[in-house]
Amino acid sequence: MMETLPVGRFQFKRLVAAFLSSYRTLFILLWIVAFGSVFIWQRKIIGAGISVSVKTGLSRPMPKMRPLAFNLTDFGGVGDGKTLNTAAFERAVLAISKLGKRGGGGQLNVPPGKWLTAPFNLTSHMTLFLAEDAEILGIQDEKQWPLMPPLPSYGYGREHHGPRYGSLIHGQNLKDVVITGDNGTINGQGQSWWKKFRQKLLNHTRGPLMQIMWSSDIVIANITLRDSPFWTFHPYDCKNVTVRNITILAPVREAPNTDGIDPDSCEDVVIEDCYISVGDDAIAIKSGWDQYGIAYARPSRNILIRNLIVRSMVSAGISIGSEMSGGVSDVTIENLLVWSSRRAVRIKTATGRGGYVIHITYRNITFDNVRVGIVIKTDYNEHPDDDFNPKALPIVKDISFTGIHGQGVRVPVRIHGSEDIPIRNVTFRDMSVGLTYKKKHIFQCAFIQGRVIGTIFPAPCENLDRYNEEGQLVKRSTAQNITDIDYDI
């Protein structure tokens, strides 16, 4: 089932930021989700079989965000869903590239219509604006997707050794790029890619829908991204990235590896006011894979994620790792609703990763119908090859959970450290989670050191120190290394 945006885009920030902490609001939000899903479903049914994609009547005028603006039709673009527009996009981008910084760059407007294209590159000082009812369609013939070298911090393609497919919309060494619109859509048409992947018919790693590398001052806002062949938006080794008011959609099943947003070796990132429902992690913060990520040595840091509604029936709402070998630090995740998902928030790593996950703050997190709420896993043993260093042990510490609430949760906490990779300095405060499984040992811990401040529900594991609300020590744990992990629950 495809999920859809549950609230109006311009009401989203006020609604979530002001009320997400209210428990009753959870049910209001879910009602809006259901209503929105039915509305979009009805639109699709009514529109089935219509081949003409350009909206009739007057369309909303496109705002001018740069001194010079061009329309894709000026370069020969045809929005009929059949004509290939790659050359039109390339000519338009070339025209904007010639402007450079002079006068503030240029804007490319994509009018209403369906604009089929092979992958193309962006340029600096550019705004790509998608009008209401504009849809960029990725061509499904993989022969028209260029091959690129593996990412240096991964060593290999994520799925195959050797080259990898590029992204539908790509950019390298850019500055000042904006992709926005009146909720226009970029559609990767990933169905054929997913099918060929499952049938093992692809010889290279699938490409993302959008990938921007080694760039700065990037803004993605007010658009819909859907049905990516692989990860949806992948900023790689970028600085100053803002993602705001976007919707990311893929089937929640049978759409493998369609992560929503994967900041990878990035710093100064804000992701806010978004709805994401996909076939893998809604967000996964990364920084390289084993010895390649250690050598590349670019951490992901200073990341703020707030005011999101997310769903992942396969993986997790918000993940850190497992590719985190360059390090991840100073991440705040707040005002988050995770619904109808396998896991809510997760940190995953393994022996051989090296790196660190430190200074992570979770605040005002709501679970609804989630199998496992909080997960830290230290044995996620996927490696690019057999040359990883087993002595490269990640550091996981300084993690806080405050204002954790919800209902319909089977296992609220599963923190699985090990003798080699203990989890240190974890804090829980203000937690009350309604359960679906009336069994002991649902707050599961192993090799963890930390504290509980005040009273939380369900009762915490014995590994944690107990403090009262005033921060005074009540009981020191003598059992930090005991193991109480049950994956059968």
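The values are calculated or read from the model by the stated rules, or taken from the named source; none is laboratory data. All values reported here derive from a predicted model rather than from experimental measurement. Note that we place each Cβ from the backbone using ideal geometry, even for glycine, and neighbour counts take in every protein chain shown. Please note that ligands, DNA and RNA were not included when accessible areas were found on the heavy atoms of the full protein model with its side chains. Shrake-Rupley method; radii C 1.70, N 1.55, O 1.52, S 1.80 Å.
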Can you tell me which residues in the stretch 164-223 are in contact with a helix residue (DSSP H, G or I) (Cβ under 8 Å, 6 or more places away or on another chain), open to solvent by less than 40 Å² (accessible area, probe 1.4 Å), within 21 Å of I136 (Cβ to Cβ) and in a loop (DSSP other than H, G, I, E, B)? R206, N222
Looking at the structure I just gave you, is L122 modelled with pLDDT under 95 and either within 23 Å of P63 (Cα to Cα) or surrounded by fewer than 17 Cβ atoms within 10 Å (Cβ to Cβ) (or both)? no
Considering each of D330, D290 in turn, give the residue that is modelled with pLDDT of 95 or more and closer than 19 Å to L151 by Cα. D290
Condition test on L304, is it touching a strand residue (DSSP E or B) at 6+ places or on another chain (Cβ under 7 Å), over 29 Å from P152 (Cα atoms) and assigned to a strand (DSSP E or B)? no
In the stretch 279-297, residues that are touching a strand residue (DSSP E or B) at 6+ places or on another chain (Cβ under 7 Å) and of a type outside the set (A, V, I, L, M) total 5
Can you list the strands (runs of 3 or more DSSP E) found entirely within the stretch 419-472 that contain at least 1 residues being over 16 Å from I376 (Cβ atoms) and hydrophobic (A, V, I, L, M, F, W, C)? 423-435, 448-453
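Each row is one residue, and each column tells you yes or no for (1) of a type in the set (K, R); (2) under 34 Å from the mean Cα position of the chain (by Cα); (3) open to solvent by less than 10 Å² (accessible area, probe 1.4 Å).
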residue	(1), (2), (3)
R424	yes, yes, no
D430	no, yes, no
F447	no, yes, no
G450	no, yes, yes
F457	no, yes, no
N463	no, yes, yes
A479	no, no, no
crowded, with 24+ Cβ neighbours inside 10 Å, within 23 Å of I186 (Cβ to Cβ) and in contact (Cβ under 8 Å) with a residue 40 or more places away in the chain - does that describe any residue in the stretch 263-272? yes
Regarding the stretch 403-413, can at least one residue be identified that is more than 18 Å from I442 (Cβ to Cβ) and in contact (Cβ under 8 Å) with a residue 12 or more places away in the chain? yes
When you look at P229, is it open to solvent by 10 Å² or more (accessible area, probe 1.4 Å), modelled with pLDDT of 95 or more, assigned to a loop (DSSP other than H, G, I, E, B) and not charged (D, E, K, R), yes or no? no
Can you tell which of R206, R226, R253 is touching a Ser or Thr at 6+ places or on another chain (Cβ under 8 Å) and of a type in the set (K, R)? R226
Could you tell me which numbered condition P256 fails, if it satisfies all but one of (1) part of a loop (DSSP other than H, G, I, E, B); (2) out of contact with any helix residue (DSSP H, G or I) (no Cβ under 8 Å at 6 or more places or on another chain); (3) touching a residue at least 60 places away in the same chain (Cβ under 8 Å); (4) not basic (K, R)? (2)
Those residues of the stretch 298-327 which are among the hydrophobic types (A, V, I, L, M, F, W, C) and open to solvent by 10 Å² or more (accessible area, probe 1.4 Å) amount to L304, M313, V314
Any residue at all in the stretch 86-96 that is buried (at least 21 other Cβ atoms within 10 Å of the Cβ), touching a strand residue (DSSP E or B) at 6+ places or on another chain (Cβ under 9 Å) and either part of a loop (DSSP other than H, G, I, E, B) or on the phi > 0 side of the Ramachandran plot (or both)? no
Going through the stretch 328-384 one residue at a time, which ones are more than 18 Å from G434 (Cα to Cα), buried (at least 24 other Cβ atoms within 10 Å of the Cβ) and among the charged types (D, E, K, R)? R346, K348, R353
Quick check on G434: is it open to solvent by 10 Å² or more (accessible area, probe 1.4 Å) and modelled with pLDDT under 95? yes
Is it fair to say K114 is in contact (Cβ under 8 Å) with a residue 40 or more places away in the chain and surrounded by fewer than 23 Cβ atoms within 10 Å (Cβ to Cβ)? yes
Filter result (more than 19 Å from the chain's Cα centre (by Cα), over 13 Å from G279 (Cβ atoms) and of a type in the set (A, V, I, L, M, F, W, C)) within the stretch 174-197: L174, V177
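Here is a yes/no grid of residues against (1) among the β-branched types (V, I, T); (2) in contact with a Lys or Arg (Cβ under 8 Å, 6 or more places away or on another chain); (3) on the phi > 0 side of the Ramachandran plot:
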{"position": "K175", "(1), (2), (3)": "no, no, no"}
{"position": "V178", "(1), (2), (3)": "yes, no, no"}
{"position": "L202", "(1), (2), (3)": "no, yes, no"}
{"position": "I220", "(1), (2), (3)": "yes, yes, no"}
{"position": "R226", "(1), (2), (3)": "no, no, no"}
